[in-house]
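Presented below is the structure to which this report refers.
Nothing in this text is a laboratory measurement; each read-out follows from the coordinates by a stated rule. Since we're looking at a predicted model, the values are computed, not measured. Because the Cβ atoms are built from the backbone with ideal geometry, glycine has one as well, and the counts that use them run over all protein chains shown.
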Amino acid sequence: MPPNPTDPLAPLERGIVDHFFTARPTVAAGLGLHEYDGRLPDLSSAATARWAAEAQRWIERLEATAESGLSPARRLDRGLLRLLLEGALFDLEEVRDLDRNPMSVLFQPDLTNYLARDYAPAATRIAAIARLLAGVPQLLESAKRRLEPRLPRPFVTLAIQIASGLPSHFAEGDALATSVPGELRGQLRTARESADAAVLAFADWLRAERLPRADGAFPLGRERFQRLLWVREGLSTPVEEILRRGEADLARNHARLDEIARREGLAVEQRIARLNDRHPAPAELLPLVRRLTDEIREFVRAQDLVTVPGAEACHVRETPPWARDLWTAAMSPPGPFERPVDGVYWVTAIDPAWTPAQQESWLRTLNYSMLRNTTVHEVWPGHYLQALHQRAAELSLARKVWFSFSFCEGWAHYCEQVALEAGFERRSPDAEVAQLTDALMRDCRLIASIGMHTQGMTVDQATELFRTRAHLEPLHAEREAIRGTYNPEYFCYTLGKLAILDAREKYLATRFGSSLRSFHDALLGYGTPPIGFLETLLGTA
């Protein structure tokens, strides 16, 4: 949407977004703003202090902009811009990610967007990759200077795993580089060698200098957790109320699962075990997911659940080694400013280094019904379709760049329920058990997040929660609990889903003539705003 020259917010909007992305150029490049390609941020203490001071000045300028001179839509944008800066300052000054979490640095040199989408000639993308990799040694030296002597153990152990796997990720550029001039290939090779050495040395440094002194001091505490809800989602709802709703959803979903199991003469654990027993062999996994992706797209179209834009291209690939410990499946969607529509659906196959028991445990997690439900979440009509709508919508700059985990993950989690309501897999018992099992896991994420960060729950207790209440396999339960230590925002799945269900109940008939397609198209037309803004947006639809 072109800026309005009479809009008093326009120059502030542009300046704030530009300032935000000086600290997060990798995020900007991933959104399709390719003027940021090849850049890494200066994460030294002096540089981030200067950035924070400038961010405060932008906030003061926002406060000086009278709401009376803005349209209702731009008042919302003003709130978004403030939260954009407040959220970044929260990470920097209150959570202190750069001082306490080495993973926050290792996520910076991400090559996925350069490799997954043909947004520019190969030579242009390889040159950007070479620039990015050339900056990795300095980035990591800066991290070593500011990371505190005593760090949370889960942060350190996962950072070591990520750093150790990054050379294989950096090597993914080799195939693209075969089509570029020899001089450019040489630049990439030199940059790769220095980046590989730097990340492996960083892993060794963490292992020798930080792991021996690592502790369990990861919790945010109640006050910061409440602040997190505000800066990320515009929510002032007390954390205890959010926990109560999560526990109620867990009880409701568990009661329905118990009903299905009892109807079949089984205990819940037996019913889930029967579901898990039906899983693909390792070689079948990716071909199966590719087929499911096509089949589910046609189901969404046939049921008229939501508009499917014309151009689309979703590629199913195995999760790269550096990210294997971070997710089971994930979507890398095209950004709102990106030209190509390609999305990448990552699926984590078994690790050859695992024992046979670990491999079987993981494949049981990726059983046939769960893969179908996961593909609904990640692709159709979940994350990938949401990204296509965001690209097509006429949104302000503030709404294009804003990303709410609760809106995004809440939508995808809600889609699992909507698909079942629409007759997905003929609403078979297996399909409903898979959907309910995933819902239980998301409920437990919310409970574990709040429990571990505000109520003294231990990682072992969280693991037991996932094992007994979400009925996860032991390896999966442990990984879910550990994830909550560094990603408390995984409360977002249940939080966002419940907010969307509340909105559907309130507005579907009165605002959208009981048309699910109209309601869903309206939701996706907002981009991914904070979930706390949803009531205002729908109330003025």
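Within a Cβ distance under 12 Å of ASP430, other residues only, what is the Lys/Arg minus Asp/Glu net charge? Could you put the intermediate results ahead of the total?
Values: positive: ARG271, ARG274, ARG278, ARG372, ARG426, ARG427; negative: GLU264, ASP277, GLU425, GLU432.
Net local charge, ASP430 excluded: +2.
Cα gyration tensor of the stretch 1-95, axes a ≥ b ≥ c as square roots of the eigenvalues: rounded (a/c below 1.5), prolate (a/b > b/c) or oblate?
In terms of gyration-tensor shape, oblate.
Distance between the C-alpha centres of the stretch 513-537 and the stretch 261-326: 26 Å, rounded to the whole angstrom.
Here LYS400 is the anchor, and the lysines within straight C-alpha reach of less than 28 Å, apart from those fewer than 8 places off in the same chain, are LYS497, LYS506.
Below 8 Å, C-alpha to C-alpha, sequence gap of six or more: please give me the relative contact order for the stretch 428-523 in percent. Before the final figure, lay out the partial values.
Working: 80 pairs, mean separation 26.9, N = 96.
Contact order relative to length: 28 percent.
Please go through the stretch 235-335 and write out the trypsin sites (Lys or Arg not before Pro) that DSSP classes as loop and that have at most 13 other C-beta atoms within 10 Å. Don't jump to the answer; show the numbers that get you there.
Details: sites: ARG244, ARG245, ARG252, ARG256, ARG262, ARG263, ARG271, ARG274, ARG278, ARG290, ARG291, ARG297, ARG301, ARG317, ARG324; in loops: ARG278, ARG324.
Hits after loop and neighbour filter: ARG278.
Taking 14 Å as the cut-off, the amide N atoms of the stretch 5-47 that come nearer than this to a point 7 Å along the Cα-to-beta-carbon line of ARG146 belong to 22-25, 40-47. Think of it as helices only: each DSSP H run of n ≥ 4 in the chain is worth -39500 (n - 2.57), and spread over all residues that comes to -20000 deg cm²/dmol at 222 nm.
Sort PHE337, PHE21, PHE202 so the one with the fewest other Cβ atoms within 10 Å of its own Cβ comes first. Can you show the working numbers first?
Numbers: PHE337 17, PHE21 20, PHE202 26.
The most exposed by this proxy come first: PHE337, PHE21, PHE202.
Of the labelled figures (1) 150; (2) 167; (3) 175, only one reflects volume of the Cα convex hull per residue in Å³ as derived from the coordinates, namely (1).
When only the Cβ of Lys, Arg, Asp and Glu is charged (+1, +1, -1, -1), the dipole of the chain relative to its Cα centre reaches about 280 debye.
Bridgeable lysines around LYS144 (alpha carbons under 29 Å apart, same-chain partners fewer than 8 residues away excluded) are absent.
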